[in-house]
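The values are calculated or read from the model by the stated rules, or taken from the named source; none is laboratory data. Just so we're clear, the structure is a prediction, and the values are computed from it rather than from any experiment. Note that we place each Cβ from the backbone using ideal geometry, even for glycine, and neighbour counts take in every protein chain shown. What goes into the accessible areas is simple: the full protein's heavy atoms, side chains included, and nothing from ligands, DNA or RNA. Shrake-Rupley method; radii C 1.70, N 1.55, O 1.52, S 1.80 Å.
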Amino acid sequence: VAAPAPLLALAVALRALNCVLVRTSFVPDEYWQSLEVAHRMVFKYPSFSCRLFVILNIHNYGYLTWEWANSLRGYSYPLIFASIYKVLQLLGKDDVQLLIWVPRLAQAVLAAFADVKLYSLVQHLENAETAKCVFFCQLCSWFTWYSCTRTLTNTMETVLTIFALSYYPMKGSKMGNSWKYLALVALAIVIRPTAAILWMPLVFSHFLQEQRKAELILQNCIPVGLVTLGTSLITDRVFFGEWVLVQLNFLKFNVLQNLGTFYGSHPWHWYFTQGLPVILGAHLPFFIHGCVLAPKRYRIFLMAVIWTVVVYSALSHKEFRFIYPVLPFCMFFCGYSLKHLKAWKKSAASFLLLSNLLPALYTGLIHQRGTLDVMSHIQQLCHNSDQSQAFVFIMMPCHSTPFYSHVHCPLKMRFLQCPPDLTGNENYIDEADVFYSNPLGWLNKEFYNDTLLPSHLILFNVLEQEISPFLALRGYEKTATVFHTHVPQGRVGSHISVYRRKAEMNH
């Protein structure tokens, strides 16, 4: 069932507005696993500043995190943004603001198409009224609003999941297309290997109900698998310079070795007690009601949600975004519930809209915005005459801010490193931890010689008092204070301070 054009126009307009109203940072991966990689792919050695490169001794205009050095990530996803950057470069429009916003707008348009696909799917499975209710729930979801325009692999996985679902051969439905849905699932797995978890029960269920099982495997599964895996292998061969199977490395690291715990661990029940209730928010009672009401044939959707959450619960490192791809399934049940509320439908819809509006606007516009706002202070250094003398040191928990993708000029920049140890050294401590154990001592040791000193320091206000002797002695003055969050925690302060070394000290 084709969705009406006005609906698509509405979805695109809403998601474009959504994109503009999300000015905060969520997790480092939205830059470091996509835009930073893409920026380095396209602008590795920009010709416009070769002389500057020699002066600054910058060999690579960009930075790749340890995952790329160890081939845990594939280039298929960053290639999308690299293509956008390349087009902007060829048009001579590679302005830093366009490099920041065009990828996000592209993600927003994809999200809008996914919203409409969800509507069409429900309209086919049920009717237009239920489809409208599901569509409304999807557009209301505060977490979807917060995440769907971000350049995260989880976002792309969610979009591809909705697209794949729209071709999934449901029991008793004539709409399915095995080839199309399997191709989209395979693409999701190439971009984020853990997408396989969500699709296991769905593919298995399809296999059980399929009459022509051998045909399904030989004519659909194997060709689709070979083509997508082959394309992924060739793409990574081009950029890594050697044959690597990144999906295997990714699963080995995150699942078999469980090294994700380096980034924190949570109790087994976290997704059930916090993860899912938080991302569902006010939709939670509707989800539960919808699960009880929905006919038997939709149990497979619920199974997919429960199975995914259970499997992710077995891994010790947990994040809200990991279960984002189950949200469209949940919205199906929420919409089903809303449609059957009859007399209460209008009141329930108003409640959903209002209760999601506040968290959507607060998390999108206020919470954790400083790490993006501070980039404009760094961008200004690109236009200064003494750009070659500038050296920015970001003294924050590592990967707090984006990097060259949000600066787009070959400034000398540095941040605290924190790669996990892959050699099995039990006494290993990363640079960021060494720094935070004694910031003042670290700075005095690292910058023992005045010629090594950064011209600019970016730091959270919680660090200021501790390193104030260093700042005073080396002649740093505060030039800006940027708001970051109302809930500072540990190393993350409420504000970010920008310090500049006084001119007379620089000479």
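Contact list please: Cβ distance under 6 Å, first residue in the stretch 3-14 and assigned to a helix (DSSP H, G or I), second residue of a type in the set (D, E, K, R), pairs at least six apart or on different chains.
That search, which allows pairs on different chains as well, returns A11/D115.
Can you tell me which residue among E477, E504 is open to solvent by 60 Å² or more (accessible area, probe 1.4 Å) and modelled with pLDDT under 95?
E504
Kindly establish whether T273 is in contact with a His (Cβ under 6 Å, 6 or more places away or on another chain), within 23 Å of V326 (Cα to Cα) and assigned by the TED database to the domain that holds I189.
Criteria not met by T273.
Go through the stretch 416-507 and tell me which helices (runs of 4 or more DSSP H), entirely inside it, have 1 or more residues that are within 19 Å of Y263 (Cβ to Cβ).
Filter on the stretch 416-507 gives 431-437.
Here are some residues: L471, L452. Which one is closer than 23 Å to L381 by Cβ, free of Cβ contacts under 8 Å to residues at least 12 places away in the same chain and not hydroxyl-bearing (S, T, Y)? Even if it seems obvious, please write down each step before you answer.
On the way: L471 fails: free of Cβ contacts under 8 Å to residues at least 12 places away in the same chain.
Checking each option against the conditions leaves just L452.
Kindly indicate which of V434, V462 is open to solvent by 10 Å² or more (accessible area, probe 1.4 Å) and more than 28 Å from L152 (Cβ to Cβ).
Of V434, V462, the one residue that is open to solvent by 10 Å² or more (accessible area, probe 1.4 Å) and more than 28 Å from L152 (Cβ to Cβ) is V434.
Starting from the stretch 281-305, take each residue that is in the same structural domain as K342 (by the TED database) and list its partners that are of a type in the set (G, A, S) and in a helix (DSSP H, G or I), counting only C-beta distances under 6 angstrom and pairs at least six apart or across chains.
So the pair list comes out as A282/S355; F286/S337; H289/S337; G290/S337; I300/S205.
Quick one: which helices (runs of 4 or more DSSP H) lie wholly within the stretch 233-347 and hold at least 2 residues that are within 20 Å of the chain's Cα centre (by Cα) and either within 25 Å of L152 (Cα to Cα) or of a type in the set (A, V, I, L, M, F, W, C) (or both)? Steps first, answer last, please.
Working: elements: 246-251, 276-280, 284-293, 299-313, 327-339.
The qualifying helices (runs of 4 or more DSSP H) are 246-251, 276-280, 299-313, 327-339.
Please find, among L216, L226, the residue that is of a type in the set (A, V, I, L, M, F, W, C), surrounded by 12 or more Cβ atoms within 10 Å (Cβ to Cβ) and either touching a helix residue (DSSP H, G or I) at 6+ places or on another chain (Cβ under 6 Å) or assigned to a helix (DSSP H, G or I) (or both).
Result: L216 is the single residue among L216, L226 that is of a type in the set (A, V, I, L, M, F, W, C), surrounded by 12 or more Cβ atoms within 10 Å (Cβ to Cβ) and either touching a helix residue (DSSP H, G or I) at 6+ places or on another chain (Cβ under 6 Å) or assigned to a helix (DSSP H, G or I) (or both).
How about the stretch 110-177: which helices (runs of 4 or more DSSP H) wholly inside it have at least 3 residues that are open to solvent by 30 Å² or more (accessible area, probe 1.4 Å)?
Correct list: 128-140.
Could you please tell me which pairs satisfy a Cβ distance under 8 Å, a separation of 6+ or placement on different chains, a first residue in the stretch 82-94 that is closer than 23 Å to D236 by Cβ and open to solvent by 40 Å² or more (accessible area, probe 1.4 Å), and a second residue that is in a loop (DSSP other than H, G, I, E, B) and not hydroxyl-bearing (S, T, Y)?
Q89/F43
Looking only at residues in the stretch 246-280 that are among the aliphatic types (A, V, I, L, M), in contact with a helix residue (DSSP H, G or I) (Cβ under 7 Å, 6 or more places away or on another chain) and within 15 Å of L72 (Cβ to Cβ), which one is least open to solvent (accessible area, probe 1.4 Å)? Steps first, please.
The first filter runs over the stretch 246-280 and keeps only residues among the aliphatic types (A, V, I, L, M), leaving 246, 248, 251, 255-256, 259, 276, 278-280.
Those still in the list that are in contact with a helix residue (DSSP H, G or I) (Cβ under 7 Å, 6 or more places away or on another chain) too: 246, 259, 276, 278-280.
Imposing the further condition that a residue be within 15 Å of L72 (Cβ to Cβ) reduces the set to 246, 259.
Working: V246: 5, L259: 53 Å².
Among those residues, the one meeting the criterion is V246.
Is it true that S355 is surrounded by fewer than 21 Cβ atoms within 10 Å (Cβ to Cβ), outside the structural domain of S147 (by the TED database) and either at pLDDT 95 or above or assigned to a helix (DSSP H, G or I) (or both)?
no
Going by the conditions given, is S316 touching a Ser or Thr at 6+ places or on another chain (Cβ under 6 Å) and either free of Cβ contacts under 8 Å to residues at least 24 places away in the same chain or surrounded by fewer than 19 Cβ atoms within 10 Å (Cβ to Cβ) (or both)?
So S316 passes the test.
If you scan the stretch 158-194, which residues turn out to be within 24 Å of E126 (Cα to Cα) and touching a Phe, Trp or Tyr at 6+ places or on another chain (Cβ under 7 Å)?
Once the filter is applied, which keeps residues that are within 24 Å of E126 (Cα to Cα) and touching a Phe, Trp or Tyr at 6+ places or on another chain (Cβ under 7 Å), the stretch 158-194 yields T158, A164, Y167, Y168, G176, N177, K180, Y181, L184, V185.
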